[in-house]
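**Q** I have a structure here, written as structure tokens, and I will follow up with some questions on it.
The values are calculated or read from the model by the stated rules, or taken from the named source; none is laboratory data. Bear in mind that the values here come from a model prediction, so they are computed numbers and not experimental data. Cβ atoms come from the backbone with ideal geometry, glycine included; neighbour counts cover every protein chain shown.
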Amino acid sequence: MRTPRDRKICHLVRPRSATVTAALGGATLVAIVALFWVFPPDAHRLTLRMAPILLFVAAMSIVVNIAADAGAFDSVAEWIRNRVPPRMSPLIGAWCAVVLLSTVSTVFLSLDTTAILVTPLAVALAQRTGASVWASALTVVWIANLGSLLLPVSNLTNLLAATSGVFSGPAEYTAAAWLPALVATSIAVVAAVLVYWLRNHGTLSASAPGPRLPSGPRLRISLITLGAVLPLLASPVPYWATASVAAAVLLIVARPNMPSWMSMIPWRSLSLVTLLSALTTFVHATGATSDLAAYISSGQSSTAGLLMIASSGALAANLINNIPAYLILEVGIDSADGMLALLIGVNAGPVITPWASLATLLWRDQLRRNDIAVPWASYIGIGCVLAPLVICAAVFTI
């Protein structure tokens, strides 16, 4: 229960958050207008490239938020939990559910969705079964980042790469990325097993009854919609069209008022992505990145060069966040191998610093909302071992 001091803090934070969002939106608008004014052809190309991506992110945000409010994700989690073999301990059953939900959510609904929706579920499952909350939380964030290579929709950087011209479409991208994605996700799961076992060894507790689940037509339609969206996102149907139709269906069913459904869209994240894209395009148009393009391009023909590209992506992501890191380093990449190496770096590498990916920031926010402190020294220390291991293993499969 919130104290008067907690409520006062919330009232102070919300206006500040709205101010930051408005300022970011204003800066984005200025950057776009300036880009169209100075470099119209580059601005036009950026618009054609980014519009489907931004529409997809907005639509999927509406889908997952309405579905979550209807209880779809809780129902799926309870369905999985009820099918755990009777002889399996609640602790192991909870961890398997977290792994499964994190993997499916990351691959089909994006790593940011996983950070928002699966993190509180993992916390609740850990608390009910007596498992280590920290080990469960690490499982979510590692799978979210390391498991976001398989499909274009799994990560915004994948969407950018899939529309860069290097790949002919989502099918070619997936065919090239499945093995590195499998390796990276497998390492994430193995690392989570080790931490989970070390933190939970000898601490088995009895499972508590699950919460009362919602029911009704809104839940059923949400589950049907999600069930239809998952395979369609991996099909030739445009991803933005699939997400838009799904969002329209759930909006009609849920019938939220305007402020409610508008708040489901991550305006700050969309503004940040657009601003970074506009600034990067502006820099590219001036020719200031020609030397960087030549340096990156030279590493696409050898394994050592691909490791250099992936390592550069990981380093840049942990310094300045993975989205601007990709936008800066994609210059000079004109082969599928080079693009995969870059994606391995900027997707699987950001598991060291707290700001390395948007998913990590969202994950940390969900833990904070559940009054769980993040031991960053432990997180960074493990990440310094995990990131190089994943990068090397995944690059060697290209």
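**Q** Go over the candidates Arg364, Arg368 one by one and state the one that is surrounded by fewer than 19 Cβ atoms within 10 Å (Cβ to Cβ) and within 16 Å of Ala115 (Cα to Cα).
**A** Only one candidate passes the filter, namely Arg368.
**Q** What about Val20, is it at pLDDT below 90, farther than 27 Å from Val153 by Cβ and in contact with a Lys or Arg (Cβ under 9 Å, 6 or more places away or on another chain)?
**A** yes
**Q** In the set Leu91, Leu101, which member is farther than 29 Å from Val249 by Cα and in a helix (DSSP H, G or I)?
**A** After ruling out the rest, the residue left standing is Leu91.
**Q** Filter region 191-227 down to the residues that are modelled with pLDDT under 90 and closer than 28 Å to Ala175 by Cα and list them by number.
**A** Within region 191-227, Leu226, Gly227 qualify.
**Q** Report, ordered by the first and then the second residue, all pairs with beta carbons closer than 6 Å, sequence separation of six or more or different chains, a first member in region 159-186 that is more than 20 Å from Leu307 (Cβ to Cβ), and a second member that is outside any loop (DSSP other than H, G, I, E, B) and of a type in the set (Val, Ile, Thr).
**A** Final answer for the pair search is Leu159/Ile53.
**Q** Do any residues in region 16-32 that are closer than 24 Å to His44 by Cα have Cβ atoms under 6 Å from those of residues that are modelled with pLDDT under 90 and polar (S, T, N, Q), where the two are at least six apart or on different chains, and which pairs are they?
**A** Partner pairs satisfying both residue conditions: Leu24/Ser271; Gly25/Ser271; Thr28/Ser271; Thr28/Thr274.
**Q** Hey, does region 340-351 have a residue that's more than 13 Å from Leu156 (Cβ to Cβ) and surrounded by fewer than 24 Cβ atoms within 10 Å (Cβ to Cβ)?
**A** no
**Q** One residue is enough: does region 122-136 have a residue meeting the conditions surrounded by fewer than 24 Cβ atoms within 10 Å (Cβ to Cβ), within 30 Å of Thr28 (Cβ to Cβ) and touching a Pro at 6+ places or on another chain (Cβ under 9 Å)?
**A** Taking every residue of region 122-136 in turn, none turns out to be surrounded by fewer than 24 Cβ atoms within 10 Å (Cβ to Cβ), within 30 Å of Thr28 (Cβ to Cβ) and touching a Pro at 6+ places or on another chain (Cβ under 9 Å).
**Q** Within region 249-266, identify whether any single residue is surrounded by fewer than 20 Cβ atoms within 10 Å (Cβ to Cβ), free of Cβ contacts under 8 Å to residues at least 40 places away in the same chain and in contact with a Ser or Thr (Cβ under 6 Å, 6 or more places away or on another chain), and answer yes or no.
**A** Yes, the conditions are met somewhere in region 249-266.
**Q** So which pairs qualify, if the first residue must be in region 34-53 and within 18 Å of Ser164 (Cβ to Cβ), the second must be modelled with pLDDT under 85 and assigned to a loop (DSSP other than H, G, I, E, B), the Cβ gap must be under 6 Å, and the two must be at least 6 apart or on different chains?
**A** Pairs found: Arg49/Thr163.
**Q** Next question. Among (1) touching a Lys or Arg at 6+ places or on another chain (Cβ under 7 Å); (2) closer than 29 Å to His284 by Cβ, which single condition is Val374 missing?
**A** (2)
**Q** Look at region 284-326 and say how many of its residues are β-branched (Val, Ile, Thr), farther than 21 Å from Gly349 by Cα and in contact with a helix residue (DSSP H, G or I) (Cβ under 8 Å, 6 or more places away or on another chain).
**A** Matching residues across region 284-326 total 1.
**Q** Turning to a different aspect of this structure: Taking region 69-116 only, how many residues are of a type outside the set (Asp, Glu), farther than 23 Å from Trp134 by Cα and either surrounded by fewer than 23 Cβ atoms within 10 Å (Cβ to Cβ) or in contact with a strand residue (DSSP E or B) (Cβ under 6 Å, 6 or more places away or on another chain) (or both)?
**A** Residues in region 69-116 being of a type outside the set (Asp, Glu), farther than 23 Å from Trp134 by Cα and either surrounded by fewer than 23 Cβ atoms within 10 Å (Cβ to Cβ) or in contact with a strand residue (DSSP E or B) (Cβ under 6 Å, 6 or more places away or on another chain) (or both): 9 in total.
**Q** Can you find, within region 311-337, the residue that is farthest from His284 (Cα to Cα) among those that are in contact (Cβ under 8 Å) with a residue 60 or more places away in the chain and touching a Leu at 6+ places or on another chain (Cβ under 9 Å)?
**A** Taking the candidates together, the pick is Asp337.
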